[in-house]
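Asker: One structure, as structure tokens, below. Some questions next.
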Amino acid sequence: MTSIKRSQQGIALLSMLLIAALATTLVVAMIERQSRLLREFAGQLQQDQIVEYARGASALAMAALQADADDNNKADHPNEAWAQPFPPFPVPGGLILPVLRDAQSRFNLNSLVADGAVNAPALAFYRRLLAQLAFSPELADSLVDWLDADSIPMSTGGAEDDYYLRLNPPYRAANRSLSTYSELRLVRGYNMEIMRQLAAYVTVLPSSAKTINVNFMPPGLLEAMIPGLSPAAALEVLANRPVDGWTSRAEFLDNPVFFGLDADTSAQLDSLLDVQSRYFELYTRIRFGERERLQWALIARTGRRSHHVIAQERNPLWLPEFETEDADDNADEDLAE
Ligand SMILES: [Ca+2]
Ligand SMILES: [Ca+2]
């Protein structure tokens, strides 16, 4: 064999090795790409599955509410079937934990301005609630300004564009209803600490929801409604709730605690209290694969035969503490089984 031939063979061998190495690199790259696509696909499948599970939980909640509406519904109260805790639902690869609760046990901040005008009984009540929590009653004025259509401050504690445009960064007053509780952070005087404490007493619903369902009302709200009512007396009134709830405002007010109230307070109670709820909240915790999601949905009862999800949020910032704790406890027990 000549040396030229030998060198040609060597080059050919080298080329073969190079091609083999290149092919290996390409195959590895292809496999990596393939498995990345597979992972993304699996992630997408999980995501789709989570969305489907959230829909399923909403359908379940609405079916429970529909059954309630069909059942001679004089009142909505904590002993009704829909208000009982749902068991955690195991699903292939995961767990769904829905919590359905009444959404009208707290004061609706948006009701401060309804039908384009300040709602006087609501404003008087909100000022008292703020005072009871040792917050400045001026927080009511700045919120009314945030909600009302005009740009004239309610008082020196109020705030309209003039105030917000001087901030850094500047912004404008919304001059419409709050979309979420988080939006309150933008309103003059409110901060995270105030919002944290206030969250147990207030909520954000469409402005037409002007009433609080006494069957779910926390004692702190009742205290704020009746000047001079002690915490113990408020607790006692609510502890005497009939098994089937109060079925009318008159029945609730038929208690010596409410006798002899001044005309203003009586008028406020008339416009603030009810025994039914038109709004409900569904918190659905979904654990699936390595993912966990909390889905919040606001359900409106718009008629005897209709319930609709009118707002929803993924992993909402503001959560009632007791619910997340409960959900966690149940989930841990269930997962441990
Ligand atoms: Ca009911
Ligand atoms: Ca305004």
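The values are calculated or read from the model by the stated rules, or taken from the named source; none is laboratory data. None of the values given here were measured: they were computed from a predicted structure. Here the Cβ is made from the backbone with ideal geometry for all residues, glycine too, and neighbour counts use every protein chain on show.
Asker: Give me a count of the residues in the range 276-306 that are hydrophobic (A, V, I, L, M, F, W, C), buried (at least 21 other Cβ atoms within 10 Å of the Cβ) and over 30 Å from Gly93 (Cβ atoms).
Answerer: 0
Asker: Here's a follow-up. For the range 136-148, indicate whether the set of residues that are outside the structural domain of Ser271 (by TED's automatic domain parsing), away from ligand 2 (no atom under 14 Å from the Cβ) and crowded, with 20+ Cβ neighbours inside 10 Å is non-empty.
Answerer: yes
Asker: Moving on to the next point. Regarding Leu261, is this residue aliphatic (A, V, I, L, M), part of a strand (DSSP E or B) and in contact (Cβ under 8 Å) with a residue 24 or more places away in the chain?
Answerer: No; evaluated as a whole, the condition is false for this residue.
Asker: Which residue out of Leu95, Leu133, Leu109, Leu100 is within 27 Å of Glu183 (Cα to Cα), over 19 Å from the mean Cα position of the chain (by Cα) and not basic (Lys, Arg)?
Answerer: Leu133
Asker: Quick one: which of Ala120, Ala64, Ala57, Ala114 is more than 16 Å from ligand 2 (Cβ to nearest atom), closer than 30 Å to Gln268 by Cβ and at pLDDT 90 or above?
Answerer: When all the criteria are applied, what remains is Ala120.
Asker: Kindly list, by first and then second residue, each pair from a residue in the range 215-241 that is aromatic (Phe, Trp, Tyr) to a residue that is assigned to a helix (DSSP H, G or I), limited to pairs with Cβ atoms under 9 Å and residues at least 6 apart or on different chains.
Answerer: From residues that are aromatic (Phe, Trp, Tyr), the pairs are Phe216/Ala83.
Asker: Are there any pairs with C-beta distances below 6 angstrom linking a residue in the range 66-91 that is closer than 17 Å to Gly56 by Cβ and assigned to a loop (DSSP other than H, G, I, E, B) to a residue that is more than 16 Å from ligand 2 (Cβ to nearest atom) and at pLDDT below 90, with the two at least 6 apart or on different chains, and if so which?
Answerer: Every condition considered, the pairs that remain are Pro88/Asn330; Pro88/Asp334.
Asker: What is the number of the single condition among (1) buried (at least 16 other Cβ atoms within 10 Å of the Cβ); (2) away from ligand 2 (no atom under 13 Å from the Cβ) that Ala159 does not meet?
Answerer: It fails just one condition, (2).
Asker: Would you mind stating whether Ala232 is modelled with pLDDT under 90, assigned to a helix (DSSP H, G or I), hydrophobic (A, V, I, L, M, F, W, C) and more than 24 Å from Ala64 (Cα to Cα)?
Answerer: Answer is no for this residue.
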